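Can you keep this structure in mind? I'll have questions shortly.
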Amino acid sequence: MVWLSGLLVLAGAAGLASMGWHTLLLQRALRESAAQLQHSSRLLMELQRLQQRQARLTDVQRLAESTIDTGADVVKAVHQSIAAIPFDVLDTVAATRDVSRVVRRTHDLISDAVYGSIKGVNKAVGGVTRSVLKTPKKAGDDSDS
């Protein structure tokens, strides 16, 4: 019977040694998992920071495109109203009326082409910028007008 209790003690010791070894392996795996989790957390924070930066860039791009578009409309309106003053005066004089009307139409066509080009280039640059930022235009965005 002594040999049986010796065998039980030996089996118990082997079991304890095995449990100790597995505990060490589990602690090591836990430390590695904690390090991976910490690394993933840092990556997630960096991704969130980059997404916020992209959102700010997208907002700035939309604002710049809208500002240029609106600015071109305002400058065109001011330009037309200032240009109308001498044309209106020339239209009141019979001797200059016919030539004034031809010059006014030519002026207005060129003016429309210039401001239309400014708006067209602005729209094209906005489209390229949006594609670089990978931000599709919103459905209600009216900068195509």
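The values are calculated or read from the model by the stated rules, or taken from the named source; none is laboratory data. From a predicted model like this one, the values you see are computed outputs, not experimental measurements. Areas reflect the complete protein model, heavy atoms only, side chains present, ligands, DNA and RNA absent. Shrake-Rupley method; radii C 1.70, N 1.55, O 1.52, S 1.80 Å.
Roughly what angle does helix 2-92 make with the longest principal axis of the chain, taking Cα atoms, 0 to 90 degrees, to the nearest 10?
0
Given just the C-alpha atoms of the chain, how large is their convex hull per residue in cubic angstrom?
Numbers: hull volume 15.8 nm³, N = 145.
For the chain, the hull spanned by Cα atoms encloses 109 Å³ per residue.
Need one word for segment 51-96: rounded, prolate or oblate. Basis is the Cα gyration tensor (sqrt eigenvalues a ≥ b ≥ c); a/c below 1.5 gives rounded, then a/b vs b/c decides. It would help to have the intermediate numbers written out before the result.
Working: a/c = 11.28, a/b = 9.02, b/c = 1.25.
Prolate is the answer for segment 51-96, as a/c is 1.5 or above and a/b outweighs b/c.
Counting only protein heavy atoms, what percent of the accessible surface of segment 1-91 is carbon or sulfur at a 1.4 Å probe? Mind dumping the intermediate values first?
Numbers: 5270 of 7310 Å².
The C+S portion of the solvent-accessible surface of segment 1-91 is 72 percent.
Looking only at Gly15, Gly126, Gly71, which one moves most when the chain is put into a Gaussian network model with springs between Cα atoms under 10 Å?
Gly15
Can you give me the convex hull volume of the Cα atoms of segment 1-48, divided per residue and expressed in Å³? Please list the in-between numbers first.
Details: hull volume 1.6 nm³, N = 48.
Output value, Cα hull per residue: 33 Å³.
On to the next question. With θ taken as phi - 60° and the coefficients 6.51, -1.76 and 1.60, list the Karplus ³J(HN,Hα) couplings across segment 105-110 in order, rounded to whole Hz; mark glycine and proline as x.
My calculation for segment 105-110 gives 4, 5, 4, 5, 5, 5 Hz in order.
Among Ala113, Ala64, Ala35, whose mean-square fluctuation peaks in a Gaussian network model of the chain (Cα, cutoff 10 Å)?
It is Ala35.
Leaving out ligands and nucleic acids, note down the accessible area per residue over segment 1-50 with a 1.4 angstrom probe, in whole Å². Write out the running numbers ahead of the final one.
Numbers: 4580 Å² over 50 residues.
Ligands and nucleic acids excluded, the figure is 92 Å² per residue.
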